[in-house]
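As structure tokens, the structure follows; a few thoughts come after it.
Read-outs: derived from the displayed coordinates by stated rules, not from any lab. Here the structure is a predicted model, which is why all the values come from computation and not from measurement. Note that each Cβ is placed from the backbone with ideal geometry, even for glycine, and that neighbours are counted across all protein chains shown.
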Amino acid sequence: MSIKEAMSRFTTGVTVVTTHYAGQDWGMTCNSFNTVSLEPAMVLWSIRKEASSHQAFTQSGSYLVNVLQADQKDTAMRFASGPQAERFVGQACERTDHGNLKLHGSVAWFECKLVQVVTAGDHDILIGEVLNYGSREGDGLVYANRHFGVLTAFAS
Ligand SMILES: Cc1cc2nc3c(=O)[nH]c(=O)nc-3n(C[C@H](O)[C@H](O)[C@H](O)COP(=O)(O)O)c2cc1C
């Protein structure tokens with residue numbers, strides 16, 4: 001079994017991270033998102049150094065993490081490949097005061113100021129301080145074994 005396969009056994013949520021840089025919007029599907037600190041509120045995610053949006057996310061100064069809802073599998077797929085401009089076509093969004101796009105339909109969002117970049121192998125870990133956030137009722141999209149799904153909770 002490859003290391004990638006072993007890592008895929010770890011079940012995660014799915015996010016789309018957006019930023020605004022060099023006069024355009026950038027967005028990518030990301031499941032490496034995690035919480036770090038409550039006081040101050042800080043989160044992290046990692047980006048492949050070779051990603052075409054790497055410069056945008058490391059230089060723009062801020063980004064917005066959209067936590068996808070269970071019915072947003074198509075959104076997750078669309079933001080995982082293809083030209084940046086095409087990823088936002090038909091996507092209902094709202095622009096924040098910091099210029100980042102908040103996707104409609106997400107169950108939670110965290111807008112962050114980039115405070116630290118930690119280089120780790122072929123990825124960079126982006127640590128952000130949360131500037132604004134929001135959430136609503138709803139189930140998040142789940143990713144495991146390279147498949148999207150929905151969490152079924154045990155009856156308590
Ligand atoms: C479910 C899922 C999770 C992903 N998580 C990450 C991630 O955490 N970090 C990353 O660099 N790429 C991740 N990717 C891949 C990126 O979305 C993809 O490489 C990127 O959008 C390619 O576009 P770019 O090179 O133009 O940025 C993920 C893809 C999928 C489908």
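Counting only pairs 8 or more places apart or on different chains, how many lysine pairs in the chain have C-alpha atoms closer than 20 Å?
Working: Lys4/Lys49; Lys49/Lys113; Lys73/Lys102; Lys102/Lys113.
For the chain, the number of qualifying lysine pairs is 4.
Once you sort the root eigenvalues of the Cα gyration tensor of region 89-156 as a ≥ b ≥ c, which label holds: rounded (a/c under 1.5), prolate (a/b larger than b/c) or oblate (the other case)?
Values: a/c = 1.83, a/b = 1.22, b/c = 1.50.
Taking the square roots of the gyration eigenvalues as a ≥ b ≥ c, region 89-156 is oblate.
If packing is taken as the average count of other Cβ atoms within 10 Å, what order do 25-37, 138-150 fall into, highest mean first?
The peptides rank, most packed first, as 25-37, 138-150.
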The set of residues whose placed amide H lies less than 5 Å from the amide H of Asn132, leaving out same-chain residues fewer than 5 positions away, is Glu111
From DSSP H assignment alone, runs of 4+ in the chain each adding -39500 (n - 2.57), the sum over residues rounded to the nearest 500 puts [θ] at 222 nm at -2500 deg cm²/dmol
Within the under-13-Å Cβ sphere about Ala41, not counting Ala41, Lys/Arg +1 and Asp/Glu -1 give a net charge of -2
Label model pair Lys4, Ala51: point-to-point distance (7 angstrom along the Cα→beta-carbon line) in nm is 1.6
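First check a/c for the chain, with a ≥ b ≥ c the square roots of the eigenvalues of its C-alpha gyration tensor; if it is under 1.5, answer rounded, and if not, answer prolate when a/b is larger than b/c or oblate otherwise. Could you put the intermediate results ahead of the total?
Values: a/c = 1.30, a/b = 1.18, b/c = 1.10.
It is rounded, given that a/c, with a ≥ b ≥ c, falls under 1.5.
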So, over other residues within a Cβ distance under 13 Å of Gly134, counting Lys, Arg +1 and Asp, Glu -1, the net charge is -1
Going from the fewest other Cβ atoms within 10 Å to the most, one would list Glu50, Glu137 as Glu137, Glu50
Neighbour-count ranking for His54, His20 (other C-beta within 10 angstrom, fewest to most) reads His54, His20
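Just want to confirm a number: the relative contact order over the chain, from Cα pairs under 8 angstrom separated by 6+ residues, in percent. Numbers along the way, then the final one.
Details: 320 pairs, mean separation 45.5, N = 156.
So the answer I get is 29 percent.
Which of Arg87, Arg95 comes first, and how do the rest follow, when ranked by fewest Cβ neighbours within 10 Å?
Working: Arg87 21, Arg95 13.
Going from sparsest to densest Cβ surroundings: Arg95, Arg87.
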